[in-house]
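The values are calculated or read from the model by the stated rules, or taken from the named source; none is laboratory data. Given the structure is predicted, the values throughout are model-derived calculations rather than measurements. Virtual Cβ from ideal backbone geometry, glycine too; neighbours counted across all protein chains shown.
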Amino acid sequence: PDERQALKAQIRHLLRQRNAVMVSHYYVHPDLQDLAEETGGLVSDSLEMARFGREHAAQTLLVSGVRFMGETAKILSPHKTVLMPDLDATCSLDLGCPIDDFAAFCDQHPERTVVVYANTSAAVKARADWLVTSSCALDIVRTLKERGHKILWAPDKHLGAYIERETGADMLMWKGSCIVHDEFKAFELQELMRQHPAAKVLVHPESPADVVALAHAVGSTSAILRAAQQFEASEFIVATDAGMLHKLRTLNPGKRFIEAPTAGNSATCKSCAHCPWMAMNSLAGVVQALQSGSGAIEVPVDLIERARRPIERMLAFTA
Ligand code: 13P
Ligand code: SF4
């Protein structure tokens, strides 16, 4: 604990010294979430992280999360320095959608509007007409459908299928998935719901359809947080990364949050739903990045130009 306190003090000092601001995702370690908030930064979902990074006056952004979040920040503010605690923190959705295969898929369907999830590389974003995150995907696809567009969707198959069911849009899908949310199990979740009949079930839409079908609220990390505050219930079952529990619990001290089951055939099985790449973000990594400038995100200039358009379109739509 002493070492942690010392690292946190060092980070506060380095942030001031470098005139940097810290932006953290809800899935990173609680220390990194708390530090971001108490130093005037932000802890939020991927959409608000992008907007905050673009609008904040600081010329150095320290992004705790996964690589696509740092890249999005850099694309929106190419003149700023964007640092990450660990540049190897990637995402299974990004890894599962390599640009060459994706570009070939798009080339085969030129009549479709390409809508890409934020959890992708800069190169994949550069090939997209629209970028979305889970907090605005439904609204954007619904609007595109009303305007007569057919969609080419990538890369998350569960989020894509959820949007297709909700909007009735014509969506051709890439078949990627999140290794964390893909593991939630409907059968075990039902058993847990029987044990906690008054509990409300909160589900991130990267989860499989049969898990989403059991939800009282489906949405992005920020939507899950809002739902937990709005429901009168005293118990909740949460199907998203366990990192989310920190904010849920601190903002709702009187309520109980139970992790949704991820595997096994028993309703009591413990969740191990924590993204290994989010877990790579550490206090020591933040110190290292701020001290030495290591972990600086670089995106080629031509990609920045092309990838910025779909991201700015999303930010304008959600403004
Ligand atoms: P949110 O946009 O809901 O924060 O989700 C990002 C993510 O990586 C979910 O796994
Ligand atoms: Fe990617 Fe899933 Fe990790 Fe989010 S939780 S960063 S979608 S692997």
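Structure above, values below:
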| quantity | calculated |
| --- | --- |
| Flag for Glu48 being free of Cβ contacts under 8 Å to residues at least 24 places away in the same chain and acidic (Asp, Glu) | no |
| Counted residues, the range 175-191 - those being hydrophobic (A, V, I, L, M, F, W, C) and surrounded by 22 or more Cβ atoms within 10 Å (Cβ to Cβ) | 4 |
| Those residues of the range 177-192 which are more than 8 Å from ligand 2 (Cβ to nearest atom) and either β-branched (Val, Ile, Thr) or touching a strand residue (DSSP E or B) at 6+ places or on another chain (Cβ under 8 Å) (or both), in sequence order | Ser177, Phe184, Leu189, Leu192 |
| Pairs where the first residue, in the range 16-38, is more than 16 Å from ligand 1 (Cβ to nearest atom) and the second is of a type in the set (Ser, Thr, Tyr) and in a loop (DSSP other than H, G, I, E, B), C-beta under 7 Å, 6+ apart | Met22/Thr39 |
| Yes/no for Val238 being crowded, with 16+ Cβ neighbours inside 10 Å, assigned to a strand (DSSP E or B) and not assigned by TED's automatic domain parsing to the domain that holds Gly65 | yes |
| Whichever residue in the range 57-79 is closer than 18 Å to Arg309 by Cα and away from ligand 2 (no atom under 13 Å from the Cβ) and, among such residues, is nearest to the chain's Cα centre (by Cα) | Ala73 |
| When residues of the range 12-56 are limited to those that are within 16 Å of ligand 2 (Cβ to nearest atom) and acidic (Asp, Glu), the one nearest to the chain's Cα centre (by Cα) | Asp45 |
| Criterion: of a type outside the set (Val, Ile, Thr), within 16 Å of ligand 1 (Cβ to nearest atom), more than 21 Å from Met244 (Cβ to Cβ) and in contact (Cβ under 8 Å) with a residue 12 or more places away in the chain - qualifying residue of Leu61, Leu87, Leu76, Leu7 | Leu76 |
| Output for the range 131-159, where each listed residue is closer than 13 Å to Val114 by Cα and within 14 Å of ligand 1 (Cβ to nearest atom) | Leu131, Val132, Ala137, Ile140, Pro155 |
